[in-house]
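The values are calculated or read from the model by the stated rules, or taken from the named source; none is laboratory data. Since the structure is predicted, the reported quantities are computational estimates derived from the model, not experimental observations. Cβ: placed from backbone, ideal geometry, glycine included. Neighbour counts: every protein chain shown.
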Amino acid sequence: MKRSVVIQGRIPLQSMPDVAVVLAPVLLAKRAVITLQSTLQQLVWDELIHGKTVPNNVFQAGVFIAFCGFCLLSYLAHRSSIPLVLIGAALCGVERWLARYQYYQSQGAILTLEHSGKNYQWRLAYPNGKSDSKQFAPTQVKHIEISRRQVYVGLSGEPIALVWHIDLQLTDQSHLPIATEFNLEATLKKAKVISREFQIPLTFVDSESLTERHALAPSITCRSTNRGWQMITGWAMSDSWRLLGQSLDRAGLLLFAILFEQFAAQFGEFLVRLWRNWQDYGAIVIDISPLFQVFQTLNAWDWLGLVIAIAMLIWEGARLSGVKRLAFNGHTLQFKAPRQPPARLSETVAGVVFLPQPTPLLAIWDNNNQVIEITDLPRLDDHREIGFQVTQTLSK
């Protein structure tokens with residue numbers, strides 16, 4: 001029986017780089033710092049904003065004892081702690097880069113979808129010689145799904161890639177992976193081939209409807225032009241705390257680690273003085289003034305770490321706060337963003353989709369699979385309002 005190949009490609013496989021085993025202590029330490037940062041932020045937010053406290057006294061005592069132990073270690077290793085933090089951050093970056101490189105360049109699994117008679121044969125062949133296969137009829141295809149996911153590889157606990165998956169969902173609830181791509185253009189090309197083959201429209205997983213209009217925020221301006229419209233987005237003064245929060249979330253880990261280590265070392269010294277006063281004088285003398293003199297005890301390494309951390313924070317803030325423009329002149333849709341080449345759709349816009357997760361993305365594409373991707377806007381509703389405007393333009 002004659003067979004015809006519908007689609008064939010490589011699906012990357014997740015594998016931990018060998019260097020991750022060597023760097024395991026550093027990577028696990030970083031994950032502990034990330035967990036500590038998020039836990040402290042949550043506790044502070046719950047207590048200051050919502051008035052909640054941890055009801056378990058045993059848990060509180062255990063956390064305090066662990067904190068005191070960490071502070072004593074920070075005090076004993078204070079002279080070398082900041083160089084260790086900087087070296088650890090650099091090693092974590094190297095591990096993440098190697099994991100990303102290995103994921104992109106690995107041999108991967110070979111996917112083949114063939115049409116044979118009235119049925120289709122799906123096969124996924126792995127590098128070790130093993131394979132998975134399934135035969136199904138075209139009437140069994142329920143959905144053609146496109147999803148956007150983060151890839152986690154290694155011990156750092158951070159995503160190394162953001163990829164697009166194309167899957168076939170069958171009526172027996174099984175999901176057959178068809179392709180994994182690193183950009184939406186290639187994803188649309190392959191997905192449209194599958195869509196034409198089975199005569200089923202594409203479905204974006206976890207996408208939101210753009211049929212409802214949202215009120216314009218101070219961060220977005222809409223202007224009418226002679227032949228169309230222009231939408232301008234930028235961070236307003238009212239968004240300052242939101243901008244700072246996003247910058248800290250993306251680039252503030254090193255700054256948090258350095259400042260927390262400095263405070264921990266000072267608190268560790270405070271505990272040592274308490275113990276020595278008890279031994280020498282039989283009394284506890286409490287002097288907390290050194291705890292508020294963190295910046296007065298910084299050495300050259302400490303200042304270097306702070307400068308690097310603050311520079312990363314400023315760079316991320318400048319990247320996020322850039323003004324973005326989307327303009328329609330009656331024929332062409334064009335998007336401009338700082339430090340990015342202009343994106344232009346010269347053909348009729350074919351689709352618009354808003355994906356709030358894992359990171360907010362508004363994607364617009366034309367019949368030639370040219371894509372405009374809009375990210376890093378101040379508010380989720382800014383993505384929705386721009387998507388609504390483009391959708392209304394399409395309906396005219």
Taking the condition among the polar types (S, T, N, Q), within 25 Å of SER15 (Cβ to Cβ) and either modelled with pLDDT of 90 or more or assigned to a helix (DSSP H, G or I) (or both), does THR187 pass? yes
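For region 156-184, enumerate the residues that are assigned to a loop (DSSP other than H, G, I, E, B) and crowded, with 20+ Cβ neighbours inside 10 Å. First the steps, then the outcome.
Step one: of region 156-184, the residues assigned to a loop (DSSP other than H, G, I, E, B) are 156-158, 171-174, 182-183.
Answer for region 156-184, where residues must be assigned to a loop (DSSP other than H, G, I, E, B) and crowded, with 20+ Cβ neighbours inside 10 Å: just SER156.
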Filter the strands (runs of 3 or more DSSP E) completely within region 312-396 down to those with at least 3 residues that are without any contact (Cβ under 8 Å) to a residue 60 or more places away in the chain, at negative phi and crowded, with 17+ Cβ neighbours inside 10 Å. 361-366
I'd like the residue in region 85-101 that is touching a strand residue (DSSP E or B) at 6+ places or on another chain (Cβ under 9 Å) and in contact (Cβ under 8 Å) with a residue 60 or more places away in the chain and, out of all such residues, is surrounded by the most Cβ atoms within 10 Å (Cβ to Cβ). ALA99
Does ILE82 qualify as being surrounded by 12 or more Cβ atoms within 10 Å (Cβ to Cβ), β-branched (Val, Ile, Thr) and at pLDDT 80 or above? no
